[in-house]
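**Student:** First the structure, which I've put down as structure tokens, then a few questions once you've had a look.
The numbers here are math on the coordinates, done by the rules we state, and not lab data. For clarity, every value in this text was computed on a predicted model and none was experimentally measured. Glycine also receives a Cβ, built like all others from the backbone with ideal geometry; neighbour counts cover every protein chain displayed.
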Amino acid sequence: MPATTQTTQQSQTDPRRKDVQKTFWTDNSGDTKLDALAALNDCSQGALVRTLVDEAFTEAFDDLDPAHIEHGRVSVEDLQSLANNEITVEELDLESDPDTSVAEFEPDSYYLTVTPEDLAEPGPELDWETLRDAVKNPEDGGYWNDDLEIHESRVSEDTLKASHRPAARILTGLARSKAYENGVVPRETIDDLVDTYCLHLTNRVADTEQERGEEHIRETYTNLVTDQLYENPSPTANSYYCSKEHLQTRLQTELDTAQSVAERADTVTDFDAWKPASADTDASDDELRDDWYHDLVRWLDDIARAKHAGRAYVTELRRGDYEFDQDDCGETTAFDALHDYLHDALAAVDDLPADVTADLINRLDDEFVAVITNE
């Protein structure tokens, strides 16, 4: 609700004459914040607001005399230019009438505009309408894309409403803000966010149905969030990438890994070719053979990861712009290159003695065994 203005008379003994009354609406959270700040500064809420207005005005407009605004000499555009440091107070044209004075200004919205940078940084909680508008598509005036983050301080635990698309996008923004440096969000993080911000949406169901309602909320909103992210192409990971760019970086890594395992195939699968010269180690033959087995297991792990990535993201690899080093590649796609590398590596595995292969399989995680054996 907009502020209302009313002229009143105040005591002449007040050190600062106050003859304009402002009234505005806020919510319980905003009222509590005003109470807390007033208590911190040992003053009334009115005195607090006046101080905050003075500080904000000075920060935005430097030494501009408010009388120029009061008498209609400064336009809204002038104020925006001052706040953006595009002009100085000395450069203002205070002689001619402005196109749009502050008194004539009609805001498009009662909400302060937030930017993607604002959303990603700690700050005061935002209401549902502001967050909903922020996660709209750009063509609708919003900021939604793979990079949009929302800091947890911006969202109250009971802010979200049962509107699937904006709620899922807000949750996804929260998840991205908690991602690791490589852009990975663990599934556990998503589960925690859904529990924190969505379970209040079950308050319409009967008490006897509350548990089932919460499970429905968890399943619904978890799926909505993961649909906005990109599944981690690892057979043992339960996590997601924030953006397609992060996913493509990972897939490029798998291409490099596949090339590496193919190049090492002839050496790592042959104990005599793998082991160092006797002059370079004091280890016994049994110790060296155990080290060789460990190296083989790690090598097979790499094969499994790269193969799983190729299987899970065939379309992405075929159409993606990935670099790889292969002579005479012609029209060969990234997926074709990955397939060729892994084919060469697995062909070397087939040449291992049966007892060595069986021992290696026993040492691998079940998820890797399933990938390598196509189960």
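**Student:** Could you sort the peptides 39-49, 67-77, 250-260 by per-residue average Cβ neighbour count (10 Å cutoff), highest mean leading?
**Tutor:** Ranked from most to least packed, the peptides come out as 250-260, 67-77, 39-49.
**Student:** Same structure, new question: For n ≥ 4 DSSP H runs only, could you compute -39500 (n - 2.57) per run for the chain, divide by its residues and tell me the 222 nm figure to the nearest 500?
**Tutor:** Computed mean residue ellipticity for the chain: -16500 deg cm²/dmol.
**Student:** Further question: Measuring from label point to label point, each 7 Å out along Cα→Cβ, what is the Gln21 to Val49 span in nm?
**Tutor:** Result: 1.2 nm between the two label points.
**Student:** What angle, in degrees between 0 and 90 and rounded to the nearest 10, separates the Cα long axis of helix 187-198 from the longest principal axis of the Cα atoms of the chain?
**Tutor:** Result, in degrees: 30.
**Student:** Provide the gained length on full extension for the span Val314 to Glu188, in nm with one decimal, where the gain is 0.36 nm per separating residue minus the Cα-Cα distance.
**Tutor:** In short, 42.7 nm is gained.
**Student:** Could I ask something else about it? Taking 8 Å as the Cα distance limit and 6 or more residues as the minimum spacing, I'd like the relative contact order of the chain as a percentage.
**Tutor:** 9 percent
**Student:** For Leu288 and Leu346, what does the FRET efficiency come to when R0 = 25 Å and r is the distance between their Cβ atoms, rounded to the nearest 0.05?
**Tutor:** FRET efficiency, Leu288 to Leu346: 0.50.
**Student:** Helix 285-312 versus the longest principal axis of the chain: what angle, 0 to 90°, nearest 10, using Cα atoms?
**Tutor:** Once rounded, one gets 50 degrees.
**Student:** So if R0 is 45 Å, what FRET efficiency would Thr113 and Arg363 give, r being the distance between their Cβ atoms, rounded to the nearest 0.05?
**Tutor:** That pair, Thr113 with Arg363, gives E of 0.20.
**Student:** Right, here's the next one. Positive end of the dipole of the chain, charges at C-beta (+1 Lys, Arg; -1 Asp, Glu), about the Cα centre: which of Ile170, Asn238, Ile87 has its Cα farthest in that direction?
**Tutor:** Positive-end residue among those listed: Ile170.
**Student:** To continue, here is another question. Which label belongs to the value computed from this structure, given these candidates for Rg and Dmax of the Cα atoms in Å: (i) 25.0, 105; (ii) 24.8, 86; (iii) 31.6, 101?
**Tutor:** Given (i) 25.0, 105; (ii) 24.8, 86; (iii) 31.6, 101, the calculated one carries the label (iii).
**Student:** Determine, from the Cβ-Cβ distance of Thr373 and Lys136 and an R0 of 51 Å, the FRET efficiency 1/(1 + (r/R0)^6), rounded to the nearest 0.05.
**Tutor:** Efficiency at R0 = 51 Å is approximately 0.60.
**Student:** Under a Cβ-only charge scheme (Lys and Arg +1, Asp and Glu -1), can you give me the dipole magnitude of the chain about the Cα centre, in debye to the nearest 20?
**Tutor:** 1620 debye
**Student:** On a 0 to 90° scale, report how tilted helix 164-177 is relative to the longest principal axis of the chain, with both axes built from alpha carbons and the result rounded to the nearest 10.
**Tutor:** Approximately 70 degrees, to the nearest ten.
**Student:** Also, I was wondering about something else. Cut-off 17 Å, label point 7 angstrom out along Cα-to-Cβ of Thr253: give me the residues of the stretch 298-314 whose amide nitrogen falls inside.
**Tutor:** 298-313
**Student:** Run the quick spin-label model on Arg298 and Asp42: label points 7 Å from Cα toward the beta carbon, then report their separation in nm to one decimal.
**Tutor:** 6.4 nm
**Student:** Another question, then. Per residue, what volume in Å³ does the Cα convex hull of the stretch 116-228 take up?
**Tutor:** Dividing the Cα hull volume of the stretch 116-228 by its residues yields 95 Å³.
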